[in-house]
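Scroll down for the structure; my scribbles are underneath it.
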Amino acid sequence: MPGEKSKKLYEEALSLFPGGVNSPIRAAVKPYPFYVSRAEGPYLYTVDGERLIDYVLAYGPMFLGHRHPRVLEAVKEQLEQGWAYGTPTELEIKLAKKILKYYHQGGMVRFVNSGTEATMAAIRLARGYTGRKYIVKFNGCYHGAHDAVLVGAGSAAAEYGVPSSLGVPEEAAKLTLIARFNDLESVERIMKKHGDQVAAIIVEPVVGNAGVIPPKLGFLKGLRELADQYGALLIMDEVITGFRLGLGGAQEYYSVRGDITTLGKIVGGGFPIGVVAGPREIMENFTPSGKVFNAGTFNAHPVTMAAGLATIEVLETGEPYRVAREAASKLAKTVEDLISHYSIKATVNYVENMFQVFFVDGEVASPEDVARSNREMYNKLHQELLSRGIFIAPSQMEAVFASAAHTAEVVEETIAALEDAFKRLREQ
Ligand SMILES: Cc1ncc(COP(=O)(O)O)c(C=O)c1O
């Protein structure tokens, strides 16, 4: 549990930052967030002297584990040369080539600074390219913190989205049409009515922002077909899944291609990044070659480029995927066994190297199913694990991520903690 030093820092932070933090999820660790001073491999070290096994990985990016020597070396080397020029660098060419090799061969890239910026730019690009105004988004999918995607379903999943934040004008939200994940009919209904005005369908191919929800067989393919039928673009938001489900992300994993791909997290090696990638014909509409405006002081930041490139080079050995998969599958299986052993109503969703447990009766195939789950139980599990030195996401709505640093030994330690934690949950 967080100690006195963290408590003091948080009390001070409460007077400096709204809610004491700079991104809301960080305040979900109760009774107050722990403050980290150092990280290495699978471990976070807190200012209170604790060592935690980290399954949050900065909410996804740290797929190689913390402070990976190859990434560290690349970053140091770049720092020695200076770190922000406001000019192009050779590094951005190298990283773009790597990305295009796995996502859009022969295509183009625009580097930005976050997943939010990537989806914002991708949506503007789709609108500019098609000359249409609507986008279709799935209830419960998260694509960042800008107006077009801070929109959810109204009552009875009305087709026009309603703002899911104060400050998002209703008029803006109405341009986002809301469908249900894993429910092709809900998309078809919208496309029948508005299809000729839909610029893009944007989707997380595996939902990673409502726990973990894989697409049902045929769902992504169905989206591809509907987009083609109505002349809309399909934006695959692979900010989480990109370079996580394999070098080619979810699109390779499920053999379905989007027209535009957005990336972030892993591809920056732990430094701020967002990527829009797609075919030349679409991408050339970005300024300065086209008329869809995008710009950024820090776009293609050299340190990020160096870290991203080093990360992909390590990923290309295949070893990180093997280790992370082994860890996640063992842990997911352990949780399943414990649920069954203690006759707990719960289900585990697992994809490759990410998973989540939901305390709910029946399958979880949509964010609507997640809404039925017992979040109180999840929070208890989080707390029980934290008190045993294991950090999983503090919210049911996030994923448990494995990394290349979660070796068999680390997994064994985690399994022992899971066994204790579930026993305790059952006793309560
Ligand atoms: C699928 C997806 N898209 C976009 C974003 C936004 O990325 P960022 O937090 O880097 O702005 C996230 C963040 O978690 C995400 O999971």
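Placing a pseudo-label 7 Å from each Cα along the Cα-to-Cβ vector at A408 and E225 gives an inter-label distance of 4.5 nm. Annotation for L217 and S387: the two label points, set 7 Å from Cα along the Cα-Cβ direction, are 4.4 nm apart.
Once the chain from Q197 to E313 is taken as fully extended at 0.36 nm per residue, the excess over their C-alpha distance is 37.6 nm. Under the criterion of Cα pairs below 8 Å and six or more residues apart, the relative contact order for segment 69-315 equals 29 percent. Between K5 and R375, the simple spin-label model (points 7 angstrom out along Cα→Cβ) gives 3.2 nm. Comparing Cα centroids, segment 25-44 and segment 47-106 end up 20 angstrom apart.
Placing +1 on the Cβ of each Lys and Arg and -1 on the Cβ of each Asp and Glu in the chain, which of L72, L177, I273 has its Cα farthest towards the positive end of the resulting dipole? Most positive-ward Cα: L177.
For the chain, adding -39500 (n - 2.57) for each run of n ≥ 4 DSSP H residues and dividing by the number of residues yields -11500 deg cm²/dmol at 222 nm.
Ranking A346, T87, A13 by how far each Cα lies toward the positive end of the dipole of the chain (charges on Cβ) leaves T87 at the top. For the residue pairs K98/K265; K98/K221; K133/K192; K8/K76; K174/K291, the C-alpha atoms sit more than 22 angstrom apart in K98/K221; K8/K76; K174/K291. Taking a ≥ b ≥ c as the square roots of the Cα gyration tensor eigenvalues, with a/c under 1.5 meaning rounded and otherwise prolate when a/b beats b/c, else oblate, which class fits the chain? Since a/c reaches 1.5 but b/c is at least a/b, the shape of the chain is classed as oblate. In straight Cα distance, which lysines are under 26 Å from K423, not counting same-chain residues fewer than 8 positions off? Here the lysines satisfying the reach criterion relative to K423 are K30, K330, K333, K345, K380. Each peptide among 202-209, 160-167 gets the average number of other Cβ atoms lying within 10 Å of its residues, and from highest to lowest they stand as 202-209, 160-167. Annotation: amide H-H contacts under 5 Å for V151 (H modelled 1.01 Å from N, sequence separation of 5 or more, or interchain): S164.
Oblate is the label for segment 376-416, because the ratio a/c of its alpha-carbon gyration tensor axes (a ≥ b ≥ c) is 1.5 or higher and a/b is not greater than b/c. Rounded, prolate or oblate: which one fits segment 273-322, using the alpha carbon gyration tensor with axes a ≥ b ≥ c (rounded when a/c is under 1.5, else prolate when a/b beats b/c, else oblate)? Oblate is the answer for segment 273-322, as a/c is 1.5 or above yet b/c matches or exceeds a/b.
Read-outs throughout are calculated quantities, based only on the coordinates presented, and are distinct from any laboratory measurement. In this text, all values refer to a predicted model and were calculated from it rather than measured experimentally. A quick note on method: Cβ atoms are made from the backbone with ideal geometry, for glycine too, and the neighbour counts reach across all protein chains shown.
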